[in-house]
Amino acid sequence: MKNSQLIPSKNGLHVAIIMDGNGRWATRQGKPRHAGHQAGAAQVRRIVEAAPKQGISVLTLYAFSSDNWHRPKFEVNFLMNLFQSYLQSEIEKCAEKGVRLSFIGRRDRLNPVLLRLIDLAESRTAWGNNLHLRIAIDYSARDAILAAAGKMVGQQSPTREEFSKLLNEHLLNTEASLEVDLLIRTGGEKRLSDFLLWECAYAELYFTGTMWPDFDIGSLKRALQKFYRRQRRFGRVPLAEAI
Ligand code: IPE
Ligand code: IPE
Ligand code: MG
């Protein structure tokens, strides 16, 4: 049974990806870790381009966790520069292709150049409706949940939808629920590493040993095929057995 038989998804899928394995991919080839990040960025371009044709309407990519600040300074700086050059080259392309870019995570620790590019990306692509590409930078799901909870002190308990809105308050013009349908993690680890803990309550989880720089369009299609073969029950019984 396809998932759509239980909860029809009007707008396409929300796929979230933990893009892991860049460092190991590089090390295995005798290259420095940052070469893996460079190759990973090229793969992001391909996957983003393919996503709408694969029925994905929201794609959330984990680019840098709040815990990644603890990496060596050179690697952190390399990644921040990579985000900048990615945005410099992609903002106009995204605007042309109807890709709406937005960013989740803390902004107060990002450098001013990157911040300006993020602001520009969000305003320049705000009306894109082909794909909503969300990039998580300096992101921690637990911190996001704590921040949303902090906004409610003294208020009545919100509904789930209201709380989801609080979590994504900075995203204007956004559907209340950004629940993840399919969470993909490349690189072989089977953990969430503080990514979208609230939004993944009923996500299908797909773990693959493929390192992110090798995760191509064929890999994405295989993940989606597996997703469509799963039966999502959301705590209920299958429709055919419900009397
Ligand atoms: C993911 O790849 C990219 C970031 C966390 C920024 P890693 O850099 O974690 O690669 P591995 O897991 O060390 O191979
Ligand atoms: C998660 O990968 C963060 C990103 C992919 C950006 P990590 O490599 O940082 O996660 P751990 O350390 O293996 O849990
Ligand atoms: Mg890793």
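All of the numbers you see were taken from the coordinates with simple rules; none came from a lab. All figures in this text were calculated on a predicted structure; none of them were measured in a lab. Neighbour counts run over all protein chains shown; Cβ positions are idealised from the backbone, glycine included.
How far apart, in nanometres, would the label points at ASP108 and THR159 be if each is projected 7 angstrom from Cα along the Cα-to-Cβ direction?
3.2
I'd like the chymotrypsin sites (Phe, Trp or Tyr not before Pro) in segment 55-159 restricted to DSSP loop residues with at most 15 other Cβ atoms within 10 Å, sorted by number.
TRP127
Pop a pseudo-label 7 angstrom from the Cα along the beta-carbon direction at both HIS170 and LEU239 and give the gap in nm to one decimal.
3.9
Please go through segment 187-223 and write out the GluC sites (Glu not before Pro) that DSSP classes as loop and that have at most 13 other C-beta atoms within 10 Å.
Those that pass, being in a loop and sparsely packed, are GLU189.
Rank ALA141, ALA223, PRO72 by how far each Cα sits towards the positive end of the charge dipole of segment 13-242 (+1 on Lys, Arg Cβ; -1 on Asp, Glu Cβ) and give me just the farthest.
ALA223
Could you tell me which of rounded, prolate or oblate describes segment 100-178, using a ≥ b ≥ c as the square roots of the eigenvalues of the alpha-carbon gyration tensor, with rounded for a/c under 1.5 and, failing that, prolate when a/b is larger than b/c and oblate otherwise?
Oblate, because a/c is 1.5 or more while a/b does not exceed b/c.
Taking the Cα-to-Cβ direction at ASN129 and at ARG191 and moving 7 Å from each Cα, how far apart do the two end points lie in nm?
4.2
Trypsin sites (Lys or Arg not before Pro) within segment 160-243: which are DSSP loop residues with at most 11 other Cβ atoms inside 10 Å?
Hits after loop and neighbour filter: LYS190, ARG191, ARG236.
Looking at the chain from every direction and averaging, what is the projected area of its Cα convex hull in nm²?
Result: a mean projected hull area of 14.3 nm².
Using only the Cα atoms of segment 94-141, build the gyration tensor, take square roots of its eigenvalues as a ≥ b ≥ c, and label the shape rounded, prolate or oblate: rounded if a/c is under 1.5, else prolate if a/b is larger than b/c, else oblate.
oblate
For LYS53, what charge total do you get from the other residues with a beta carbon under 13 Å from its beta carbon, if Lys and Arg give +1 and Asp and Glu give -1?
Combined, the nearby Lys, Arg, Asp and Glu give +2.
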